[in-house]
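Working notes, beginning with the structure itself.
The values are calculated or read from the model by the stated rules, or taken from the named source; none is laboratory data. Note that the structure is a prediction, hence the values are computed from the model and not measured. Every residue, glycine as well, gets a Cβ built from its backbone with ideal geometry; the counts of neighbours run over all protein chains shown.
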């Protein structure tokens, strides 16, 4: 298998090459990083609902859709990508995606550990260090090949990540920023002395070679791969591909890492509009705020209701809210416990 140690490439090639290689029927491992920033949305996402496209256009930040699932992410040269293209029949490929992640996440995990960062695998596809996510990964299938992509995060622009997302209001954007910062780490946050980038590339190459076997290192893209990448650029970088619509969602949810999400939802009950901004950690509500144009008596009990929901599973919220109503004599004309629970589902 070839190791394409390309290091810094155009932002376009940082997506085009791994999409092209399986289409010419070859395995390979890319190690590369984009020369300029861009936003990449997941295969199943609606770019217009996930990303502030107007902001990105105004600030010359390209947006592209990949053939790998997952969420929208801001990418730049502070993230070192690995992109593995491996045939489904390769004997190293285990049965099942969970087993695949567990095996092929070991090279980046071992890379982090070699730097003194206590990285560990967290199902389904996260690498965690000190309880924070420290790599974004994804798997897809193209032709008869499995595509496995991810990154070593040397540094991360948390502000820009929160800014390029499309959110209902600035309060929610602030919440997204805070949640990402608290739950996503970087090499620079974990250790004081960060090795030169050249050493990081070599370390990652060595860890992948330990799993994949000897790799033939190349520093240039062959003509047939270049031709295929240029060919698929016509559709992969097109607005038609990027702007494929999806059903309009109710509210907004941002997955920060496995087990951590921040969400904003709205529901028009007979007695008024209810909005919620809440965070879920490991299946339980960690924080919630309600707002809207409904009536709630006694008014000061709304904050107590928010506190009562901390630690509750969203599917159990209606029962907890109903019990709170009964215990505290709450009245909310036209708004029921079920209506509040609806913006937590």
Inset, instruction - Please find, within segment 293-331, the residue that is nearest to residue 262 (Cα to Cα) out of those that are at pLDDT below 90 and buried (at least 19 other Cβ atoms within 10 Å of the Cβ). - result: 294
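Before we move on, is residue 289 modelled with pLDDT of 95 or more and assigned to a strand (DSSP E or B)? Before the answer, list the steps.
On the way: modelled with pLDDT of 95 or more: no; assigned to a strand (DSSP E or B): yes.
No, not satisfied.
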Inset, instruction - For segment 68-86, state whether one or more residues are modelled with pLDDT of 95 or more, more than 14 Å from residue 15 (Cα to Cα) and in contact with a strand residue (DSSP E or B) (Cβ under 6 Å, 6 or more places away or on another chain). - result: yes
Legend entry - First in segment 234-260 and closer than 23 Å to residue 161 by Cβ, second anywhere and assigned to a loop (DSSP other than H, G, I, E, B) and modelled with pLDDT of 95 or more, Cβ under 7 Å, 6 or more apart: 237/12
Legend entry - Among (1) on the phi < 0 side of the Ramachandran plot; (2) touching a helix residue (DSSP H, G or I) at 6+ places or on another chain (Cβ under 9 Å), the one test that residue 326 misses: (2)
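Can you pull out every residue in segment 49-73 that is assigned to a helix (DSSP H, G or I) and surrounded by 17 or more Cβ atoms within 10 Å (Cβ to Cβ)?
Pass one, segment 49-73, residues assigned to a helix (DSSP H, G or I): 49-50, 53-58.
Result: 50, 53, 56.
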Legend entry - Positions within segment 140-176 being assigned to a helix (DSSP H, G or I), in contact with a strand residue (DSSP E or B) (Cβ under 8 Å, 6 or more places away or on another chain) and either without any contact (Cβ under 8 Å) to a residue 12 or more places away in the chain or farther than 16 Å from residue 61 by Cβ (or both), in sequence order: 171, 172, 173, 175, 176
Inset, instruction - Evaluate the following for residue 180: is it crowded, with 21+ Cβ neighbours inside 10 Å, more than 30 Å from residue 1 (Cα to Cα) and within 14 Å of the chain's Cα centre (by Cα)? - result: yes
Legend entry - Identity of the residue in segment 210-228, crowded, with 16+ Cβ neighbours inside 10 Å and closer than 30 Å to residue 110 by Cβ, that ends up nearest to the chain's Cα centre (by Cα): 212
Legend entry - Cβ-Cβ under 7 Å pairs, at least 6 apart or on other chains, segment 86-97 side more than 16 Å from residue 28 (Cβ to Cβ), far side modelled with pLDDT under 95: 94/100; 97/139
Inset, instruction - Could you identify the single residue in 199, 217, 192 that is without any contact (Cβ under 8 Å) to a residue 40 or more places away in the chain and outside any helix (DSSP H, G or I)? - result: 192
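Okay, residues lined up against (1) out of contact with any helix residue (DSSP H, G or I) (no Cβ under 8 Å at 6 or more places or on another chain); (2) modelled with pLDDT of 95 or more:
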position	(1), (2)
139	no, no
153	no, yes
164	no, yes
175	yes, no
198	yes, yes
206	yes, yes
216	yes, yes
